[in-house]
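To start, the structure itself, in structure tokens.
The values are calculated or read from the model by the stated rules, or taken from the named source; none is laboratory data. Please read these numbers as outputs of a predicted model, since none were measured by experiment. For neighbour counting, all protein chains shown are included, and Cβ atoms are generated from backbone atoms with ideal geometry for every residue, glycine included.
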Amino acid sequence: MIKIENLSKSYKKGKKVIDNLNLEIRDGEIFGFLGPNGAGKTTTIKMITGILGIDDGDILIDGKSIITNSIEAKKNFGFVPDNPDIFLKLKGIEYLNFIADIYEISKEDRIKKIEELSEKFGMQTVLNNKIQSYSHGMKQKIIIIGVLMHNPKNLILDEPMTGLDPKSSFDLKQMMKEHAKRNNTVFFSTHILEVAEKLCDRVGIINKGKLVFVGTYEDMKKEFKKNISLEELFMEITEE
Amino acid sequence: MINFKKVKDLTIIFLRDSYQNMDIIDMEKHKLNKKSVYTWLSIILCLTLAILSYKIIKFLVSHGQEEIFLNIYFLILAIVMLFQTVLVCTNIFYFSKDLELVLHFPIKSTELLIAKFCTLLYKLYISECLFAVIPISTYGLLTNTSVLFYFYELLIILIFPIFFALIVSIVMMFIMKISRFIKNKDLFQVIITLLLMIVILTMEYKILGGIFVNNQQVESVTEEQLMEKIQEFNVRIQESNKYFLVINPSIHILNQINIYGIFKIIKILIINILMFGLFILIGKLTYLKDILKNSSYLISSKNKKTNLEKKCKKRIRGKAYIIKEFKSLFRNPMFFMQCVYPVFVWLITLIIMSIIIVPKAQIVFANEEFRSSLGNISFNITVVYFILGILQLLFTMSPASLTAISREGKKAIFIKYIPMSFFRQFVYKGIPQIFINMLSIIVVFSIIYISIPSIGIKYILMMFLLAILLNILNSYTMLIIDLKRPKLEWDTEYAVLKQNNNKMFQYSFTIFIIILFMYLNKILKDIDLNISLYITGIIFLFFIFFINVFVKIKQDKIFNKIT
């Protein structure tokens, strides 16, 4: 579970990019975080993952504060950044071994996990190649395998569909569904409204640093009393 | 026909792509920007260079041997230009990412080649501005020459590096042609640079061997004889400088200021034009073909199932992190060439110089009269600081810690979201630099142990320990600088290393350490050597302890630039 409490952030004095954000992502839920460019999605994700400092408020990952108990909080999530160009000079297997060492996964467990996940994502034959020789989708997959290796309760993904081919995108969505099915949390930001509409249990829409809506697509239609598509509703909400 | 407008535009694009503004000039007020830290670092560097040049030249002028300064300085400048060109030219001409962005434009190979050459030349001019302008101008001031000296100085600074850039570029194109059988792009880049480096080092060995040829026993030395020896040495340097074609004419112009100097300038220009013609001719035949060949290289990858039982090893977190750091540094040809190669080059140079000079020096120093003429030379704290000072200069050759964070680029955020404390990551990230510097320490102390056995193993070990402490201090200070001013937004690996202004901090830190040694030498020279060494050790330990406590307490703040 991810709990965001009264979160605020300013880059310049007096100008809040995130303004008193409150949000709770429950166990077993896929949560889509939507918003126009510059709305504060990436800033929020960076604060949840400890990449960016927090001005006010707190973020709890399974009850552990990212401010006061950051190492424990970080053990409870896996993060897939928007840019998959990571450790390009390492071989896929070296990267996975490194991640397994950081999360202190035993030799037996890591072999089992790597075998299982690489087969699932069709990466068995390329693990011994350097990451720089991978395509965009393969890089994304190796990061996802790395993230899933320590079996985190919470999965956080920043724009995960960008640059993926239909097959990779489908595999990723399947993985997110399976992860949530095991009573885990999936939190991801996206621009692709169709994905959010079909995949998410709930969505949150952020605009100019403020959370303007949280709920299901049905809730949204009820709240705005309009039977229109998510895309049209999104435009209406964020244009105000 | 070459379209020079296109060449100019391309050059500007290539340069802008890698340019980092230092904000030394306040563009609005057209004044020096006193708020920029780089302004002050530049002032410190310029002042240090000016003071050092002033002292050396003044000493030589007082002995009537000022000519030797230009002879040696131009030779050093030539070697620096050659090394610098070797380290960057393959990347600029063949492996930079900007090539992929311009190859689809209707540009002739010669236009691209000239634009790339201008980019290379620009980098050499920056080095010249830093290291040549002040010493040569100081020489002009102290030898009371006319205004014409500065006019010639300007012309020479402009045309001097062209010859060296052309030589290396032509050799590089030849090597590129004959080494195309290597299919791994990373390996290819390292091998090309290695081959070029061997060419330069062989040349260096020949030249130094030519300078220090005298094996005669020194019977007795009077001041006149010493001057004679210096004169002889000077002539041998001039002889060696002949190999570089443009050095002696340049020195001649600056030594004999008259209107005929312009003919020597024309001579250098003709040499450069002929070389440039050859460069264009070879480039026209091979350049574009070789670029296209390079861009189609793939990183060798054989798709086969991995034996996980064999490949999966559990390591402790610290060890895993350090191995990852080493792999990222050593497997990237650009990072390897900029952070590790220069250290190897300087160490090999040092070894070559020791092989050539030490036996001759031992013969000279074996003579008692010569020793007594130099006064009572004994091993003391001044010698210790001199050796540590040389090591400090060698530590400056590698920016491994200074770019440890910047090299990560946008993926540096990884540091922030893995469950490992920033302090531990800080400690691990400094280790590659410590390892690289250890090579310098081992080589320097091996040379000292072999060439001056009279120092004794006890003091060599004590100095060795001090050098290790200095090494740790260097590595972690540079890491803090990179954390405070990281360059995370970059497209080319070349930009993060060569356009990293933090290098100024590294130079300034070296100046600070040398000044500290001079001060400590002043206050400790009359104290027992053992106590002086202990005090120096305690000072280093204090600094290292301070850095540790500072990073431990302020770790969140120190890492807050990584977002």
Yes or no: residue A:137 under 13 Å from residue A:95 (Cα atoms) and small (Gly, Ala, Ser)? no
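Specify which of the listed residues (B:88, B:61, B:80) is assigned to a helix (DSSP H, G or I), in contact (Cβ under 8 Å) with a residue 40 or more places away in the chain, of a type in the set (Val, Ile, Thr) and crowded, with 18+ Cβ neighbours inside 10 Å.
The conditions single out B:88.
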Go through B:166, B:141 for me and flag whichever is more than 25 Å from the chain's Cα centre (by Cα) and at pLDDT 85 or above. B:141
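For region A:166-240, give me every one of the helices (runs of 4 or more DSSP H) that falls completely inside it and has 3 or more residues that are within 21 Å of residue A:19 (Cβ to Cβ).
In region A:166-240, A:230-239 are the helices (runs of 4 or more DSSP H) which contain 3 or more residues that are within 21 Å of residue A:19 (Cβ to Cβ).
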Residue among B:466, B:488, B:479 that is under 21 Å from residue A:83 (Cα atoms), touching a Ser or Thr at 6+ places or on another chain (Cβ under 7 Å) and hydrophobic (A, V, I, L, M, F, W, C): B:488
Could you look through region B:536-554, keep only residues that are β-branched (Val, Ile, Thr) and in contact (Cβ under 8 Å) with a residue 12 or more places away in the chain, and pick out the one that is farthest from the other protein chains (Cβ to nearest Cβ)? B:536
Would you say residue B:69 is over 29 Å from residue B:192 (Cα atoms), free of Cβ contacts under 8 Å to residues at least 40 places away in the same chain and assigned to a helix (DSSP H, G or I)? no
Yes or no: residue A:143 under 21 Å from residue A:61 (Cβ atoms), out of contact with any helix residue (DSSP H, G or I) (no Cβ under 8 Å at 6 or more places or on another chain), modelled with pLDDT of 90 or more and surrounded by 20 or more Cβ atoms within 10 Å (Cβ to Cβ)? yes
Inspect region B:281-297 for any residue being surrounded by 13 or more Cβ atoms within 10 Å (Cβ to Cβ), over 23 Å from residue B:118 (Cβ atoms) and within 14 Å of chain A (Cβ to nearest Cβ) and give the result as yes or no. yes
Looking only at residues in region B:330-356 that are assigned to a helix (DSSP H, G or I) and among the β-branched types (Val, Ile, Thr), which one is nearest to residue B:493 (Cα to Cα)? B:343
Top-ranked residue in region B:445-464 [being in a helix (DSSP H, G or I) and out of contact with any helix residue (DSSP H, G or I) (no Cβ under 7 Å at 6 or more places or on another chain); ranked as surrounded by the fewest Cβ atoms within 10 Å (Cβ to Cβ)]: B:454
Which members of region B:411-423 meet the condition of being within 16 Å of residue B:500 (Cβ to Cβ) and at the interface with another protein chain (Cβ under 7 Å from one of its Cβ atoms)? none
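This table checks each residue for (1) modelled with pLDDT of 95 or more; (2) in contact with a Phe, Trp or Tyr (Cβ under 9 Å, 6 or more places away or on another chain); (3) more than 18 Å from residue B:562 (Cβ to Cβ).
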residue: A:42; (1), (2), (3): no, no, no
residue: A:52; (1), (2), (3): no, no, no
residue: A:56; (1), (2), (3): no, no, yes
residue: A:60; (1), (2), (3): yes, no, yes
residue: A:69; (1), (2), (3): no, no, yes
residue: A:85; (1), (2), (3): no, no, no
residue: A:91; (1), (2), (3): no, no, yes
residue: A:106; (1), (2), (3): no, no, yes
Residue list for region B:299-329, restricted to those being closer than 24 Å to residue B:493 by Cα, at pLDDT below 85 and at the interface with chain A (Cβ under 7 Å from one of its Cβ atoms): B:299, B:301
The one condition in (1) touching a Leu at 6+ places or on another chain (Cβ under 9 Å); (2) within 14 Å of chain A (Cβ to nearest Cβ) that residue B:557 fails to fulfil: (1)
Pick out the one residue from B:468, B:442 that is part of a helix (DSSP H, G or I), of a type in the set (A, V, I, L, M) and within 28 Å of residue B:360 (Cβ to Cβ). B:442
